[in-house]
1. Step by step: first the residues of region 176-212, then only those that are of a type in the set (G, A, S) and either part of a helix (DSSP H, G or I) or not assigned by TED's automatic domain parsing to the domain that holds A232 (or both), then the one that is nearest to the chain's Cα centre (by Cα). Which residue is that?
2. Take the residues of region 123-139 that are out of contact with any Gly (no Cβ under 9 Å at 6 or more places or on another chain) and of a type in the set (D, E, K, R): which is surrounded by the most Cβ atoms within 10 Å (Cβ to Cβ)?
3. Residue check: is R254 in a strand (DSSP E or B) and either on the phi > 0 side of the Ramachandran plot or loosely packed, with under 11 Cβ neighbours inside 10 Å (or both)?
4. Taking G303 as the residue in question, decide whether it is at positive phi and either assigned to a strand (DSSP E or B) or among the small types (G, A, S) (or both).
5. Quick check on this structure: which one of G91, G120 is at pLDDT 95 or above and either β-branched (V, I, T) or surrounded by 15 or more Cβ atoms within 10 Å (Cβ to Cβ) (or both)?
6. Looking at region 258-266, is at least one residue under 22 Å from L206 (Cβ atoms) and surrounded by fewer than 17 Cβ atoms within 10 Å (Cβ to Cβ)?
Amino acid sequence: MRAGFIEKPEVAYFKEVEEPQIQNPTDVKIQVKVTGICGSEVHAYHGKHPFRIPPVVSGHEFSGVIVEVGSQVTKYRVGDRVTAEPHYGCGHCVECSEGHYNVCAAKKVLGSNGWSGSFGEFIVVPEQTVVKFDDGVTFEQGALIEPLAVGMHAVRQNDVSLGQNILIIGAGTIGLGVYLCAKIANPAKIIMADVVDNNLEIARKLGCTDTINSAKEDLEARVMEITGGVGADITFLAFGNAPVVEAAAKCTRRCGVISEIAIMPNGVGAPFGLIQNKELVVRGSNMYTRKDYEVVVDALNKGLIQTDLMISKIYPIEQMTEAMEMADKRTEPVVKVMMKF
């Protein structure tokens, strides 16, 4: 099959690879139509991802069409337009039994550890992970369901609601996804902060009226100005390092919540004195569960989420090298880079 292949650090190209086949009666085979390039694939491209290790056919943000189903598959049929959760838990640990398979220590992740990912034209996934979407949702939109679900998980986890002031630090794919998902709940204010003017311009075009370039403005002062001196009820970290964590603690109101979505290495410092003094809650948010996917798909089916502005570049899979270089080096302003078959 046709595929985008990461051979070794900083070497990625198009090639023909072996096509995955159904192995279990509950497997579903999907022909990928569009796949996004995530930051985790860029990390894999540099050989710095903990489990997406070259050589690998990576990829986990995708949409496609079912082309084959196992003998025990009952919910889906050939021709369905679908995506899938790119992970599943072991099914028997405490976390899985409580429905938190997204944090299962033994979970399997698409595009890693021998599970051929969506940079390949065909993938095989368990029926339990498959999520169908309507004909009115484009394949490009379908390939955004995964990153949108990341945002929806954090939004649902923190019960975003009317009257709240929301701050989102980081206006890339995940941050914009948080914005679009939070917007559905109609909070009082949604403030987006970034250091890239292009990302903030996209946020404004999506309807965000309060944007802050924190490289040019005092983030805390502007947040306090917008919120009448109170601060944010919930601050979502869609980008993270030690200065950002400190800024979040300053901008979040007393007894507020910091939702940590960004991938940060262990050892990043946090202002624990401020966290303790203000009784802040710091809550991790790890990927998603099926309900998050279903809520996103329902919103897309109903036209409640606008996604077109998030898609910056779409390359044919044969241009894998160019696509990875754009996602990595960002030689022009981009949010989401995709590839199509």
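The values are calculated or read from the model by the stated rules, or taken from the named source; none is laboratory data. Because the structure is predicted, anything quoted here is derived from the model rather than measured. With ideal geometry, Cβ positions are generated from the backbone for all residues, glycine too; neighbour counts draw on all protein chains shown.
1. Going through the qualifying residues, I end up with G177.
2. So the residue we want is K132.
3. Spelling it out, R254 is indeed in a strand (DSSP E or B) and either on the phi > 0 side of the Ramachandran plot or loosely packed, with under 11 Cβ neighbours inside 10 Å (or both).
4. Yes; evaluated as a whole, the condition is true for this residue.
5. Matching residue, one of G91, G120: G120.
6. No; the residues of region 258-266 include none that is under 22 Å from L206 (Cβ atoms) and surrounded by fewer than 17 Cβ atoms within 10 Å (Cβ to Cβ).
One line per residue, one yes/no per condition, for (1) in the same structural domain as S97 (by TED's automatic domain parsing); (2) more than 24 Å from L180 (Cβ to Cβ); (3) in a helix (DSSP H, G or I):
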position: A248; (1), (2), (3): no, no, yes
position: M264; (1), (2), (3): no, no, no
position: I275; (1), (2), (3): no, yes, yes
position: E294; (1), (2), (3): no, no, yes
position: I314; (1), (2), (3): yes, no, no
position: A327; (1), (2), (3): yes, no, yes
position: P333; (1), (2), (3): yes, no, no
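Residue-by-condition table, conditions (1) surrounded by fewer than 19 Cβ atoms within 10 Å (Cβ to Cβ); (2) small (G, A, S); (3) closer than 23 Å to V103 by Cα:
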site: K15; (1), (2), (3): yes, no, no
site: D27; (1), (2), (3): no, no, yes
site: G39; (1), (2), (3): yes, yes, yes
site: V73; (1), (2), (3): no, no, no
